[in-house]
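Have a look at the structure below before the remarks.
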Amino acid sequence: MNTEKQSQLEPLYDKKVDCPFCGKRFTTKKVRSRFIKPLRVDSDFCPIFSNGSHSPLYYYVVICPECGFAFTEDFTSYFSHVSRDNVNKEITAKMDKNVNYCGERSFESSIRTYKLAIYSAQLVKEKHIVFAHLCLRLAWAYRGNGDSQEESRFLKLALNEYEKAFINSDFDSEKIPEMQVLYMIGELNRRLGNYSEAVKFFTAVTEHGDKSKNMKYVNIAREQWKLAVEENRIKRKA
Ligand SMILES: [Zn+2]
């Protein structure tokens, strides 16, 4: 087998990325699309991969080796003066250039990339939906590693951010249908044991004005609604 063919079989490849903050072009590892077929998908859309495979979740966040800014494709590329000052002072000035997140990542290093991205997002006042996506994926990473305590902690934070995104209409409904946001609020409430809230939001999905366009959410909301009612009944009996 020649080297070119071997490199094509590698799950990771070098992707060229432009830093939205400082403009530096660099390469960072991503997982090839043919390696990201999950075995199954959980009811909160968490993809489950076979053991030992490279989880694309580990490479969701990109960190610029030049300025230290941590971001995802959801981040804006517009920064106010205040945001620029915040990142320069709190991230770039304090970064350790010996630590580089552009190579292969372990579970632990991927966890750090999420926490750095949450910090970057706070400094530049990102949209609630960006925080929701980060916290949800961080919860999934903990789930994959069997840490249910940290999983719940970040599911709660994700839920809080989805609620704020919904209340403030702080998301692009062309990219993320409102029914998806409502479903996520329902499902995260169910996973956290808040059954009456879960039922309220699943009902909002099944009665939504756009339901004919998004039957996928209506169908899963019906299933999860039944599950939430059943779980609530068991909880009351106990
Ligand atoms: Zn940069």
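The values are calculated or read from the model by the stated rules, or taken from the named source; none is laboratory data. Remember, it's a predicted structure, so these values are computed and weren't measured experimentally. Using ideal geometry, Cβ is built from the backbone for each residue, glycine included, and neighbour counts are taken over all protein chains shown.
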Subject >> Residues (in contact with a helix residue (DSSP H, G or I) (Cβ under 9 Å, 6 or more places away or on another chain), part of a helix (DSSP H, G or I) and surrounded by fewer than 22 Cβ atoms within 10 Å (Cβ to Cβ)) located in segment 192-215 >> reply: Y195, S196, E197, V199, K200, T203, A204, T206
**OP:** Look at E73 and say whether it is in contact with a Lys or Arg (Cβ under 6 Å, 6 or more places away or on another chain) and part of a loop (DSSP other than H, G, I, E, B).
**Re:** no
Original post:
(1) within 13 Å of the ligand (Cβ to nearest atom); (2) among the hydroxyl-bearing types (S, T, Y); (3) under 25 Å from Y183 (Cβ atoms): which one isn't true of Y60, the others all being true?
Top reply: (1)
Original post:
Which members of segment 18-63 meet the condition of being within 17 Å of L116 (Cα to Cα) and touching a Ser or Thr at 6+ places or on another chain (Cβ under 9 Å)?
Top reply: P20, F21, C22, L57, Y58, Y59, Y60, V61, V62, I63
Subject >> Hits in segment 25-64 (condition: part of a loop (DSSP other than H, G, I, E, B), under 20 Å from E104 (Cα atoms) and either in contact with an Asp or Glu (Cβ under 6 Å, 6 or more places away or on another chain) or modelled with pLDDT of 95 or more (or both)) >> reply: Y60, V61, C64
Original post:
S173 fails exactly one of the following numbered conditions: (1) within 19 Å of K127 (Cβ to Cβ); (2) touching a Lys or Arg at 6+ places or on another chain (Cβ under 9 Å). What is the number of that condition?
Top reply: (2)
